[in-house]
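S.K.: Below is a structure I'd like to ask you about.
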Amino acid sequence: MERQISRRSFLKKSALALGTTAVCDFKGMGSALAVPPNQAQVFFTKDISVNGLLKIYSKVNRGMTGKIGIKLHTGEPHGPYLIPLELTKALQAHVPKSNIVECNVLYPSPRQTTKGHRETLKINGFDFCPVDIMDEDGDTLLPIPGMREFFDEWLSPALKNRPYTPGVHLTEIAVGRNLLNYDSLLVLTHFKGHTSGGFGGSLKNIGIGCASGKVGKRQIHGEGWSKGKLFLERMVESGKGIAAHFGTQITYINVLKNISVDCDCAGTTAAKPTCPDIGIIGSTDILAVDKASVDMVYALPDPERRDIIERIESRSGLRQLEYMKTLRMGNDQYALITL
């Protein structure tokens, strides 16, 4: 409990500090301030609409060329809290040479099979454009760069007094084979809670969402459907492999709307949101975009954030952010630029 309170206090102070020093036009401050070179750029709008989404995309659309996959969690049949369909339609229409990409799932669901997955896509309205079930024809292994060297570094005597050492569980991850057909990846994420991860942000969207249903997701969950630190670290390692594969040609948008404590994989059983809608956040930095999303939740008044915070902390969800930083996947220092 003491550690949880410490983390909560830190994140709340971090969010409040950003609200007065690193935020551009967050409270009517006027023109954008210069972003320090040691901080990631994170863009934010309260406008959860097609216009707001396209504004965010215009700011994070760097290096997005060639064939573009839009990684989206398309949800279980009749899922009530997905990203509004009109937003996804408008964004896809705006992005040349793009289509939605998904992978099959490991848990019991119509989405375990490609046939059932496609039926679910039609039910939920995602048949407006091509949808690539990337593991339909199997999977392929992506290396997770630097993991062996990173593990050796953390075991070196010079670093033995570090407060914790990483797990380093995976050196490669099985992803849907068709992922290799894409030049760029646009990670469009419904930010919400998650039964195993605490919260689902951009990291979860690719770390779990691009892992193949039969092999990759089992690598992450393990045979016993593990939760906690082991699951979270494997998920982050998977995300590192996928992000590294695309390099500069990957970007991230989190939509903070309908923030249930449950993931979209809960379908119609998902808990009704008690957290208010916040806005849309985008960045080319995966750690920064997820940390900014978490910080905004922690900055809410207690009655509005209580349920989602309990979900995050009871599942050790903040380990996602810690471990992304440990694996040098991005910057947890960011400037929040409001559009």
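The values are calculated or read from the model by the stated rules, or taken from the named source; none is laboratory data. Remember, it's a predicted structure, so these values are computed and weren't measured experimentally. Using ideal geometry, Cβ is built from the backbone for each residue, glycine included, and neighbour counts are taken over all protein chains shown.
S.K.: Among the numbered criteria (1) assigned to a loop (DSSP other than H, G, I, E, B); (2) on the phi > 0 side of the Ramachandran plot, which one does Leu300 miss?
M.R.: It fails just one condition, (2).
S.K.: Sticking with this one: Those residues that are touching a helix residue (DSSP H, G or I) at 6+ places or on another chain (Cβ under 8 Å) and on the phi < 0 side of the Ramachandran plot, I need them from segment 276-291; list them, please.
M.R.: Answer for segment 276-291, where residues must be touching a helix residue (DSSP H, G or I) at 6+ places or on another chain (Cβ under 8 Å) and on the phi < 0 side of the Ramachandran plot: Pro276, Ile278, Ile280, Ile281, Gly282, Ser283, Thr284, Ile286, Leu287, Val289, Asp290, Lys291.
S.K.: In segment 249-283, how many are in contact (Cβ under 8 Å) with a residue 40 or more places away in the chain, under 14 Å from Glu304 (Cα atoms), of a type in the set (S, T, N, Q) and out of contact with any Pro (no Cβ under 7 Å at 6 or more places or on another chain)?
M.R.: 0
S.K.: Within segment 103-116, is there a residue that is assigned to a helix (DSSP H, G or I), within 28 Å of Gly52 (Cβ to Cβ) and of a type in the set (S, T, N, Q)?
M.R.: no
Yes or no, residue by residue, for (1) modelled with pLDDT of 95 or more; (2) crowded, with 16+ Cβ neighbours inside 10 Å; (3) closer than 25 Å to Asn258 by Cα:
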{"position": "Ala32", "(1), (2), (3)": "no, no, no"}
{"position": "Pro36", "(1), (2), (3)": "no, no, no"}
{"position": "Val42", "(1), (2), (3)": "yes, yes, yes"}
{"position": "Asp47", "(1), (2), (3)": "yes, no, yes"}
{"position": "Val50", "(1), (2), (3)": "yes, yes, yes"}
{"position": "Lys59", "(1), (2), (3)": "yes, yes, yes"}
{"position": "Arg62", "(1), (2), (3)": "no, no, no"}
{"position": "Ile68", "(1), (2), (3)": "yes, yes, no"}
{"position": "Lys71", "(1), (2), (3)": "yes, yes, yes"}
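S.K.: Restricted to segment 321-334, and to residues that are in a helix (DSSP H, G or I) and out of contact with any Asp or Glu (no Cβ under 7 Å at 6 or more places or on another chain), which residue is farthest from Met147 (Cα to Cα)? Give the derivation first.
M.R.: First pass over segment 321-334, keeping only residues in a helix (DSSP H, G or I): 321-326.
Filter once more, keeping what is out of contact with any Asp or Glu (no Cβ under 7 Å at 6 or more places or on another chain): 322, 324, 326.
Numbers: Glu322: 16, Met324: 13, Thr326: 11 Å.
Result: Glu322.
S.K.: If you take the residues of segment 190-249 that are under 11 Å from the mean Cα position of the chain (by Cα) and among the charged types (D, E, K, R), which of them is farthest from Ile173 (Cα to Cα)?
M.R.: The selected residue is Lys192.
S.K.: Moving on to the next point. Exactly one of (1) among the aliphatic types (A, V, I, L, M); (2) surrounded by 13 or more Cβ atoms within 10 Å (Cβ to Cβ); (3) modelled with pLDDT under 95 is unmet by Leu159. Its number?
M.R.: Every condition holds for Leu159 apart from (2).
S.K.: Pick from segment 308-320 the residues that are in contact (Cβ under 8 Å) with a residue 60 or more places away in the chain and in a helix (DSSP H, G or I): which of them is surrounded by the most Cβ atoms within 10 Å (Cβ to Cβ)?
M.R.: Gln320
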